[in-house]
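Data block below; observations after.
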Amino acid sequence: MKKVRDKKEISLRVSHKEAYIINKKAFKLIYSHYPQMIISWIACVIWNALTPYASIYLSALIIEEISTDRNPEKLKSLVIITLTVTAAISLINAFLSKWKDTQCAGMFYKVNRILANKLLDMDYVTIDDIKTHERLSTIKQNQNGGGWGLIRVIWNYDSIISAIFTFIGGIALTVSLFVKAVPQGSGRLTALNNPVFIFAVIGIMLLVTCISPALSNKAGSYYANRAENHNLGNRLFGFFGWLGHSREYASDVRIYRQDLICDKYNSDKTNTFGSKGIFARMAKGPVGLYNAAAAVVSVIFTGVVYIFVCLKAYGGAFGVGLVTQYISSITKVSASVSQLIETVGDMRNNASFLKPVFDFLEIPNTMRQGDKAIEKNDCIDYEIEFRNVSFKYPGSDEYALKNVSMRLKAGERLAVVGENGSGKTTFIKLLCRLYEPTEGMILLNGINIADYNYLEYLSMFSVVFQDFRLFAFTLGQNVGTRVEYDKEIVESCLCKAGFGERLNKMEEGTETYIYKEFSKKGVDISGGEAQKIALARTLYRASPFIILDEPTAALDPVAESQVYSNFNDIVGDKSAIYISHRLSSCRFCNDIAVFHKGELVQRGSHESLKEDAGGKYYELWNAQAQYYNS
């Protein structure tokens, strides 16, 4: 197997202004979806940033009293105040933490829901485009692998708000350090009162404070700029590292010894996360050096603070109690400034990962929604007409469907046949208005379907797609497609679809969970049983048009025969469109449409089409029938 080569590093840096704008936009987006989560988070952050100073201040007063007057009454009062304040802080902190934990539960999934809501709101043509899924995949890889994107916005605002309020509280307890003067007569230590000296010390502190996070940001930028390597490494590990755990691949892995391929990749020390891989080399090289330098600079700052505070105390500017207050406070001030600078740098790095998020969220919907209501009652005979309809898939120059004209009247049974790629599925997707025609129009009772309310038009169709999906919900919810459903109708639809015998064996009936994701009592079902449930789902919806795309592909011959023989009873007076590769299964339809290379080449009954020796249907029928005839 080829080794994964390191990709060339690409700079992801953006300007501070651009980073501020896009991070602010992301914060507003999250707040608009989950205001309670953000408010509880911020309240907790501010409280946790300010409350430590109460303890620092009261502790300083107690130490100062012990080291000077030692007044028992005053000490007693200070201790009682300290205990009371500490208890009150703990109580309020417990309340805020509970509020925050409740609102932030499942935060990761809440952020993902923003992306999911966009998917649900997208035009189907956009969802069906592979580029859309590539965008979404990149966003999720950035988020799951390196923690970049929307999820990081919350962490960064947490950090920046915490830093600001920690700085404010620290300054309030630190400012007197530079105001209190060393008494005259303290010799050379009176030089500490000189404004020049004070500003020099402040300058050194600020310089050292700013250098440390700058070095940390530089180290972090290496990881940000290598996000593509990180994502690729995660994908490879996610596949090869867990292939042996996949039940559906278990037989192939053992028969073809694919575990040897996995072992070769997983034991390669030069891969992305290996001991000789790119991230290991960075950790040993520039990233490690920058982080080490940041730690050294931080220690230098601590040394400068201790020297300055202790010299002023030694000179008589203040007592021992204030020494603890100043050292604790000024250390927090420094940490907050470092945190602020580091967070700003991280927000700048993250801005490059927020761009694709907003590119995805701002994909426009171009399909006309329409506003015309569809009149619905049992007396209306619906008719759909394709009028010179042609269609090209986005980004393609070739027609998937070309100049198709046909009518489908109420109550008809239409079979759609043709080879793979002939345009059958495209025809169905246009009919359901998942796509819009590139040329021509589709009419419902003489009105362009684009003029109808989009959701109302969709409700006209019940479809079993070839690649249909069932969910790990209850059987009734899968058929009824909602939490609350009509049990009697669900049972009736399941029986019509041929699932009645299996239903009778289920102790919990329609409340039986399919699969075991949400219930230990969940049942596994075969492909044929799943197809029957999907068919029952189309019947439950009671739409005037039923579309079945290879609805019996997973059924055994007996079950398939039962579906065909009961087809009219199953469909009732609804219009039915049936797609199949097996032409023998189309004989119960009174009308057959034959597609070839995107064109409607024939239409008629089974008998008339079979007699046309020069037609496509004759060719397809005899290609299959020869095996049965022989």
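The values are calculated or read from the model by the stated rules, or taken from the named source; none is laboratory data. Only a predicted model underlies this, so the values are computations on that prediction, with no experimental measurement involved. As a convention, Cβ positions derive from the backbone with ideal geometry for all residues, glycine included, and neighbour counts pool all protein chains shown. Side chains are part of the model used for accessible areas, which takes the heavy atoms of the whole protein and leaves out ligands, DNA and RNA. Shrake-Rupley method; radii C 1.70, N 1.55, O 1.52, S 1.80 Å.
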Seminar exercise, completed: Subset of region 577-604, residues closer than 22 Å to V464 by Cβ and open to solvent by less than 20 Å² (accessible area, probe 1.4 Å), comes to I577, Y578, I579, S580, L583, S585, C586, C589, I592, A593, V594, F595
Problem set entry | Candidate set: region 330-364, residues that are basic (K, R) and more than 20 Å from the chain's Cα centre (by Cα); chosen: the one farthest from N291 (Cα to Cα) | K332
For this session: Give the residue that is nearest to I341 (Cα to Cα), with candidates limited to residues of region 177-194 that are among the polar types (S, T, N, Q) and loosely packed, with under 14 Cβ neighbours inside 10 Å.
Result: N194
Seminar exercise, completed: For region 403-431, pairs from a residue that is touching a residue at least 40 places away in the same chain (Cβ under 8 Å) to a residue that is open to solvent by 10 Å² or more (accessible area, probe 1.4 Å) and in a helix (DSSP H, G or I), with Cβ under 6 Å and 6 or more apart or across chains, are V416/K424; G418/K424
Exercise. Given K332, K372, which one is more than 30 Å from F301 (Cα to Cα), open to solvent by 30 Å² or more (accessible area, probe 1.4 Å) and not acidic (D, E)?
Worked result: K372
Exercise. Could you list, in sequence order, the residues of region 263-292 that are open to solvent by 70 Å² or more (accessible area, probe 1.4 Å), over 31 Å from the mean Cα position of the chain (by Cα) and hydrophobic (A, V, I, L, M, F, W, C)?
Worked result: L289
Problem set entry | Number of the exception - A19 against (1) modelled with pLDDT under 90; (2) part of a helix (DSSP H, G or I); (3) aliphatic (A, V, I, L, M); (4) touching a Ser or Thr at 6+ places or on another chain (Cβ under 8 Å) | (4)
Problem set entry | Pair list, Cβ < 8 Å and 6+ apart or interchain, from region 492-514 residues that are farther than 15 Å from Y540 by Cβ to residues that are polar (S, T, N, Q) and open to solvent by less than 20 Å² (accessible area, probe 1.4 Å) | M506/T512; E511/T474; T512/T474; Y513/T474; I514/T474; I514/N478
For this session: Taking only region 467-485 into account, find how many residues are touching a residue at least 40 places away in the same chain (Cβ under 8 Å), open to solvent by 50 Å² or more (accessible area, probe 1.4 Å) and not aromatic (F, W, Y).
Result: 1
For this session: Taking E64 as the residue in question, decide whether it is out of contact with any strand residue (DSSP E or B) (no Cβ under 8 Å at 6 or more places or on another chain) and buried (at least 18 other Cβ atoms within 10 Å of the Cβ).
Result: yes
Exercise. From T174, T166, which residue is β-branched (V, I, T), touching a helix residue (DSSP H, G or I) at 6+ places or on another chain (Cβ under 7 Å) and modelled with pLDDT of 85 or more?
Worked result: T166
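Table: residues versus (1) open to solvent by 10 Å² or more (accessible area, probe 1.4 Å); (2) part of a helix (DSSP H, G or I); (3) not aliphatic (A, V, I, L, M).
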residue: T510; (1), (2), (3): no, yes, yes
residue: E517; (1), (2), (3): yes, no, yes
residue: I533; (1), (2), (3): no, yes, no
residue: A536; (1), (2), (3): no, yes, no
residue: Y540; (1), (2), (3): yes, yes, yes
residue: S543; (1), (2), (3): no, no, yes
residue: I546; (1), (2), (3): no, no, no
Exercise. Which one is nearest to L215 (Cα to Cα), of the residues in region 293-306 that are open to solvent by 50 Å² or more (accessible area, probe 1.4 Å) and β-branched (V, I, T)?
Worked result: V296
Exercise. What pairs can you find where one residue is in region 147-161 and hydrophobic (A, V, I, L, M, F, W, C), the other is open to solvent by 30 Å² or more (accessible area, probe 1.4 Å) and not in a helix (DSSP H, G or I), and their Cβ atoms are less than 8 Å apart, with a gap of 6+ or different chains?
Worked result: none
For this session: Could you tell me which residue of region 281-327 is farthest from S186 (Cα to Cα), considering only residues that are touching a Ser or Thr at 6+ places or on another chain (Cβ under 6 Å) and among the hydrophobic types (A, V, I, L, M, F, W, C)?
Result: A294
Exercise. Do we find a residue being open to solvent by 30 Å² or more (accessible area, probe 1.4 Å), of a type in the set (D, E) and farther than 23 Å from I38 by Cβ anywhere in region 152-161?
Worked result: no
